[in-house]
Every structure is written in C-alpha cells, then in structure tokens.
Amino acid sequence: MNRDGLRGLLKRCFGYSSFRPLQAEIIQDALAGLDVFALLPTGGGKSLCFQLPALARDGLTIVVSPLIALMKDQVDGLNASGIPATFLNSTLGAEESRARFRGLYKGEYRLLYIAPERLMLPSFLERLHDLRVEQIAIDEAHCISEWGHDFRPEYRQLADLRTILPEVPFMALTATATGRVRADIVRLLSLREPRCYTASFNRPNLTYRIVPKSKPGEQVVDFVRNHRDECGIVYCQSRKSTEQLAAKLRAAGIAAGPYHAGLEPDVREANQEKFLRDDIKVVCATVAFGMGVHKPNVRYVMHYDLPKNIEGYYQETGRAGRDGLPSECVLLYSAADVIKQRTFIEEKPDPEEQKLAREQLQQMVHYAESAGCRRATLLAYFGETFETVPCGGCDNCLEPRERFDGTLAAQKFLSCVYRLRQASSFSVGLNHIVEVLSGAESEKVRRWGHNQISTYGIGKEHSRPEWQAIGRELVRLGLCRQTAERLSTLELTGEGLAWLKNRQPLTLTRPVSTVSRPVRKQIDGDVLCDEGLFQHLRAVRRQLADSRNVPSYIIFPDVTLRHLAARQPANVEEFAELPGVGERKLKDFSAPFLEAIAQWRARTNS
C-alpha cells in the first residue's frame, strides 16, 4: 500500500490526516516484511507503527506487552475505533480464554496482545502455526537489556521465536534507550538487518523545572492545589512516602491515592483504575507505576525524591503530556537526597553495579544543579544535540539563574585540591575539601595534617553548601574530575591545572535559593477554546465512558475535545474533520457531542 493509501486508512480508522515523524517509513518497511527497530519518544505514536500494518494486510499481529493494564488499555482503544483486537492474560477465566482462542483460529482478530512469559509457554508455541501470524511486535523492547531501567529476563526468550516462525518479521519498539541498550535489543532479539529509526527525544510540550526541596509535603500540596482540575503523578522513593503523601493530599481535599508494589494487588489495581478514569486526580507512586500506563492527559509529573538516573527520570517525566498539550515536570531537589541515594548504592553487592550506579547518580546530580538548558542536557544524554537554546521550556531558560565572578572562588577551590594532593599523595572527597577551605577542626583534618596547608581556612566567605555547589560546578566545567568509586574523590584535570596557572576570569552560577511557581510553556498546536464548553464536553465524555466501562480518553483524548470546543461543529460533516475522529467514533459519538454543543450555544447566546 502506498503512502496515500496508508493516510486514507489512518483517517478512516484513527481519525488523523497525517503521520507523525517516521511513522509512515516504519509502517512501509513493516509491510515490506522487514525487521524494524523503532525508538520513538513517549507520545510519539509507537503503537500506530504496528497497528496500522495489522489493518493493511490479512493475518494476525502478535504484540508482546509486559503489563496487563497496557494490554487492556490498548485493546479498549482499538475496539472503540472498530478495530478487532484482543488480549490473553491471567485476568481472563478459562471459558473467556477459550472463546478468544476460537476467535483467533477463525481469523476474527487483527491484533493479539500477550505477555512474553505466556507467549513462550510450550503449549502456546504449539498453536502459533495455526494462527497465521504476519508480524511480531515487541513493545517496551528495552526490557530485554540488563542495561535498561526495566530489565525483564523473560524478554530474553523471545529470540526463540525466530526459529519457530522464521519467516515472520519482528518489530522492536521502545521510548527510551541509550546506545548500549539499542545495540542489546537488536542483538538479543536476533533482528535481521533491521531498518533502524530513532526519532528526536525532544518533547517540546514539556516544561522542566528543578525546585529546591523545602517542606516537600507542603510544596506538593500547594502545587497540586494550583492544578486542581488536572491529573498528575507524584513519584516517591519509598512506599511509605507514597502513602503519607497521598493521605496529606486527601486531607487537603484533593482526590489522591498511593501506588506501590507492597499494596494488595486489588488495592493497587483499583487505585490505578481510579486514576485512569479520573476518579482520583493524583497518584503518589513509586517507579512501579507508569510503564504501560497510556493515560494521555497527565498534565504534570512531580518527583518528590531524586531519581537514580537520567534514563529513568526521562521515562517518568515522559508520562506527562502524551496528548501533546503543555505539561509540567517538576523535581524537588536537595543534597540530602543525594546522600540517601549514595547509601542505597553502597548496599548493592556487586562492585561493578555500584560503580555504574554512582556514575548514573553523578549525571543526575549534574542535571539537577546545572545552570544550562535542561532540555539540551537531557537530549545530550541520549546522544542528541539540541541547538535551539534558550528552549523556552525549562527553568534555566525561562528564568536564568544569577551568575557571579567566580574567579577567586575557583582559584581557592582548585588550589586546595592541588595542595591536598601535594601534601598527602592521595586524593580526597568533596566534603573534605570543603572542610579544609572552611577551616573545620575535624578528626581527619587534624590526623592528616591538613590544618597545616596554605589553603586551610581561606574560604570562610562561603558556607559549606555554597562551596559544595561551587565544587560540583567546577566538575561540570571539566576543571575537576570526580571518581565513581565507593569513596568518591576529586582530582584536578589537565584543564583545571592549566586554568590554575593562567587564572583566566571565570563566571559561576549561584544555586537556586527561592521556590518559584512553575511556568507552563505555550506550544504550537495548543488549542485555545471556550474553557467552559471544554469542561462541559468532558462531562459528556465521562458519561459515555462510564456507560462503556472504559476510561474517558478511550472515547476521545483532550486534544479532540479542545478542537470540539474551539470549532463547535454544527453537523456530522464538520465533526468528521476533527483530529481523532475516525469512521467508527463518528458513528458512535457524534450525536451526543453535537447535541451538547448545540445546547451550550443556545444557553450562552440567550
């Protein structure tokens, strides 16, 4: 099928007139029978890359999916659009499973969603040859790599399908993966000369902000109150924190619930379902929550605690704004959280694992403390250069931090590093350097004779936290190097030694010292509309969703509702032109929305 034919199928089934970047190329390669690796950011339209080919040809597409919630969500959405899809998992009774198998044998479904461990059961593998499988799509493919943040050993078995179904092409999809993880995916799935596609990691609708952590419970409550009508996720490090924070929000009159692996399964699933259906606005969760949760109207993601690494942080912030509308990502940051994470790292039994975790934590700390563009820093981590700085969508670009002449401070700090190494023939850590500069009389300072060196006590004009921030910035600037060993130390780089000799002027950045309210970025494609009508249409959508026992966004996403509220179509023909309105949804849902718009017009014009 050529691109025009694919666009017609896209509009007819899904209601969109054009493809997102790389979708058309991926779909055409899939239809040509090629193996494909696709790395598209969250909200970039990964699912369509295997869903549309499944509709463009006969036969069955098997979608390997790691989570039950993800399967049901995707199948509900496809069925609402009139697309025959089903899933097989442990939530189904024996009779329902048999009924779905009968449908699969008769060719009634185009897509089957299934978990890897169930797919690879010998009893299921025996049935594959009777199902006319045309493609295998592996979603969340980063789960196959132990270098990925969601490693799942059962994904490793999927390569066996190559010998069982040698002619069937594979498609591997993920929203986030470093170069090492990408290489693992291709190798471990035995992809054959795959066509590889990597879209930009940039999420232009997201605004990134770091806020100093101070009375964090109150900070979260204040933020959520300012976003009372919107849905959000607050990520916490511990299970206890999720429950305490959810209780604090409820006490403030905000519909919130906890989510973590220690809850009873029925409680955990109930809270997730309430969130998907907007019965609760906020979920306070550990990282156990999120993968496969395709709720498109999450307007903010907050991190109550410091994430372990940038990859996980990017994945978690990516759950905001999947619908493309402006959304916010706020991280509460404190040095105490860095110490807490280091303590967790020391508990790991494997020294190599410890070293990698320290390196990842250093990168996360540098991101949080950097005065540079957050977006550019995130994209650089994934090997992408972002040149549109200032980006207009992060705190450092929207409200640049105060800078000061740091020449003297840098000279004192780097000289202290040099003198300590010269005096003792070994390197020391950041905290010890700060103690020497501050003139501390600690046991180590006295024992090692560091109270006798020339830089002892020369830095009393700065507080210890200020010196720590200066030291970390000098590391980011490349004048010092921080090791990733258990006892992390600082040492001068060649650039740092050269700077000490030449002493060129150096500008440093003052740490953030005030809490400012996040500023939401306005983006291209943000639909300005009658907000009263938009809320009215949300109520209509909720009624339709409840009657079908599905989340509201299965009916229409917020983007479509905002277009409805902006254009206010008067008939079916005008309704059909809106994005997200395919043939089946036009037939099923146009009448109640057109009636609601007509009533709104009559009421507001009278």
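The values are calculated or read from the model by the stated rules, or taken from the named source; none is laboratory data. All values derive from a computational prediction rather than experimental measurement. Cβ sites come from the backbone with ideal geometry, for glycine too, and all protein chains shown count toward neighbours.
Only residues that are of a type in the set (A, V, I, L, M, F, W, C) and over 20 Å from D130 (Cβ atoms) were counted in the range 56-103, giving 10.
For the range 220-236, the count of residues that are in contact with a His (Cβ under 8 Å, 6 or more places away or on another chain), within 30 Å of L561 (Cα to Cα), among the aromatic types (F, W, Y) and crowded, with 24+ Cβ neighbours inside 10 Å is at least one.
Can you work out which of the residues in the range 182-200 that are surrounded by fewer than 23 Cβ atoms within 10 Å (Cβ to Cβ) and of a type in the set (A, V, I, L, M, F, W, C) is farthest from the chain's Cα centre (by Cα)? In this case the residue turns out to be L188.
With respect to the conditions (1) surrounded by 18 or more Cβ atoms within 10 Å (Cβ to Cβ); (2) touching a helix residue (DSSP H, G or I) at 6+ places or on another chain (Cβ under 6 Å), N89 lacks only one, and its number is (1).
Please work out which residue is surrounded by the most Cβ atoms within 10 Å (Cβ to Cβ), limiting yourself to the range 565-602 and to residues that are small (G, A, S) and part of a helix (DSSP H, G or I). Checking each candidate, the answer is A565. The residues of the range 402-455 that are part of a loop (DSSP other than H, G, I, E, B) and either over 27 Å from T507 (Cβ atoms) or basic (K, R) (or both), listed by number, are S425, F426, A440, E441, S442, W448, G449, H450, N451, Q452, I453.
A quick yes/no check of all residues on (1) touching a strand residue (DSSP E or B) at 6+ places or on another chain (Cβ under 7 Å); (2) more than 20 Å from P216 (Cβ to Cβ); (3) of a type outside the set (S, T, N, Q); (4) not assigned by TED's automatic domain parsing to the domain that holds V75:
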residue	(1), (2), (3), (4)
E243	yes, no, yes, yes
L263	no, yes, yes, yes
Q272	yes, yes, no, yes
D278	yes, yes, yes, yes
K281	yes, no, yes, yes
N297	yes, yes, no, yes
E328	yes, no, yes, yes
I339	no, no, yes, yes
E353	no, yes, yes, yes
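Across the range 77-86, the qualifying residues are those that are surrounded by 17 or more Cβ atoms within 10 Å (Cβ to Cβ) and of a type outside the set (V, I, T), and the one among them that is nearest to E167 (Cα to Cα) is A85. The listed residues are E346, E387, E399, and the only one of them that is of a type in the set (D, E) and under 21 Å from R510 (Cα atoms) turns out to be E399.
For the range 344-396: of the residues being assigned to a helix (DSSP H, G or I) and among the aromatic types (F, W, Y), which is surrounded by the fewest Cβ atoms within 10 Å (Cβ to Cβ)? Even if it seems obvious, please write down each step before you answer.
Looking only at the range 344-396, we keep the residues that are assigned to a helix (DSSP H, G or I), and these are 344-346, 351-369, 374-381, 395-396.
Restricting the remaining residues to those that are among the aromatic types (F, W, Y) gives 344, 367, 381.
Details: F344: 12, Y367: 24, Y381: 18.
Residue satisfying both the conditions and the ranking: F344.
Only one of the numbered conditions (1) crowded, with 21+ Cβ neighbours inside 10 Å; (2) touching a Lys or Arg at 6+ places or on another chain (Cβ under 9 Å) is violated by I138, and that is (2).
Let's see how each residue does on (1) assigned to a strand (DSSP E or B); (2) assigned by TED's automatic domain parsing to the domain that holds V550; (3) within 30 Å of A270 (Cα to Cα):
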| position | (1), (2), (3) |
| --- | --- |
| K11 | no, no, no |
| A24 | no, no, no |
| Q28 | no, no, no |
| A38 | yes, no, no |
| G44 | no, no, yes |
| P53 | no, no, no |
| G77 | no, no, yes |
| E95 | no, no, yes |
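Restricting attention to the range 524-564, the residues being more than 20 Å from G582 (Cβ to Cβ), at pLDDT 90 or above and surrounded by 15 or more Cβ atoms within 10 Å (Cβ to Cβ) number 5.
Got a sec? Which strands (runs of 3 or more DSSP E) wholly within the range 138-230 have at least 3 residues that are over 28 Å from D278 (Cα atoms) and either at pLDDT 90 or above or touching a helix residue (DSSP H, G or I) at 6+ places or on another chain (Cβ under 9 Å) (or both)? Before the answer, list the steps.
Values: elements: 170-174, 195-198, 206-212.
Because the criterion is at least 3 residues that are over 28 Å from D278 (Cα atoms) and either at pLDDT 90 or above or touching a helix residue (DSSP H, G or I) at 6+ places or on another chain (Cβ under 9 Å) (or both), the strands (runs of 3 or more DSSP E) in the range 138-230 that meet it are 170-174, 195-198.
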